[in-house]
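Participant: I have a structure I would like to understand better, so I am pasting it below and will then ask my questions one at a time.
Every number in this text was worked out from the coordinates using simple rules, so none of it is lab data. As the structure is a computational prediction, the values presented were derived from the model and not from experiment. Heads up, the Cβs are rebuilt from the backbone with ideal geometry, glycines too, and the neighbour counts pull from every protein chain shown.
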Amino acid sequence: MKPYPKYFEKIRVRPDPDAEVKSRAPACQWDGCNEPGTHRAPVGRMKEGEYFRFCFDHVREYNKGFNYFSGLADSEIARFQKEALTGHRPTWKMGTATGTRSSPDFAQSRSGRAGYYRNMGDPFNLFGDGHAAPRERKTKPLEAKALETLGLDAKATGQDIKARYKELVKLHHPDANGGDRSSEERFRDVLQAYRVLKQAGLC
């Protein structure tokens, strides 16, 4: 009879997964250490992508004293931290033309469908230089005729239209002119013109 059960013969001990890594790893770069350098440690600022190779104990020791900003002034550290918020990429303020990609004629400088956006309004001047004059309102023929009926031009504001409308209604109302037929027709024209402008959202 065997001193141990037959099941123990089938047990296999799994090999150490780190053994192969350690056998291929270079020697630890810590002075006087001959252990395998299985762990990487960054060399430092301005040498990104370069690493020392240390054993486990020495990489811990190295990391305790590592300072990426060693030798930098406080102002430089603050600038680095601020630029890190945008991934160290250049940025520009909205509506300014200081960057190479920003220009007052944003849509014109691009090709293809971008030219389509030239015809779109920019009420908040997102793509302008901050000093562009507001675009003049283009009126449709019916709206232009209604403004002409009220004696106004395309530059008239909503307040101008309302004030002019009230003035003409008081002037041409049948109660105010003794039933004059010509004034009554003018009154109807004023009402119709105001209705057109209101539907167009101009007042």
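Participant: Within a Cβ distance under 12 Å of Lys198, other residues only, what is the Lys/Arg minus Asp/Glu net charge?
Facilitator: On the way: positive: Lys162, Arg195; negative: Glu143.
Around Lys198, the charge tally is +1.
Participant: Separate question: Take Cys33 and Ala84, extend 7 Å from each Cα along the Cα→Cβ direction, and tell me the distance between the two endpoints in nm.
Facilitator: Here the modelled spin labels are 2.5 nm apart.
Participant: Here's another thing I want to ask about it. Along each of its three principal axes, how wide is the spread of alpha-carbon positions in the range 141-199, in whole angstrom units, largest first?
Facilitator: 34, 20, 17
Participant: Under a plain spin-label model, where a point goes 7 Å from the Cα along Cα-to-Cβ, how far apart in nm are Arg186 and Ala25?
Facilitator: Between Arg186 and Ala25, the simple spin-label model gives 10.0 nm.
Participant: Oh, and also: So for Lys22, Lys170, fewest C-beta neighbours within 10 Å to most, what's the order? Mind dumping the intermediate values first?
Facilitator: Numbers: Lys22 13, Lys170 10.
The most exposed by this proxy come first: Lys170, Lys22.
Participant: For labels at Lys170 and Tyr51 in the simple 7 Å Cα→Cβ model, what's the distance in nm?
Facilitator: The modelled label-to-label distance comes out at 8.5 nm.
Participant: Over 27 Å between Cα atoms: which of Lys138/Lys166; Lys93/Lys138; Lys93/Lys155 fall into that group? Let's see the in-between values first.
Facilitator: On the way: Lys138/Lys166 24 Å; Lys93/Lys138 30 Å; Lys93/Lys155 32 Å.
Cα-Cα > 27 Å for Lys93/Lys138; Lys93/Lys155; rest within.
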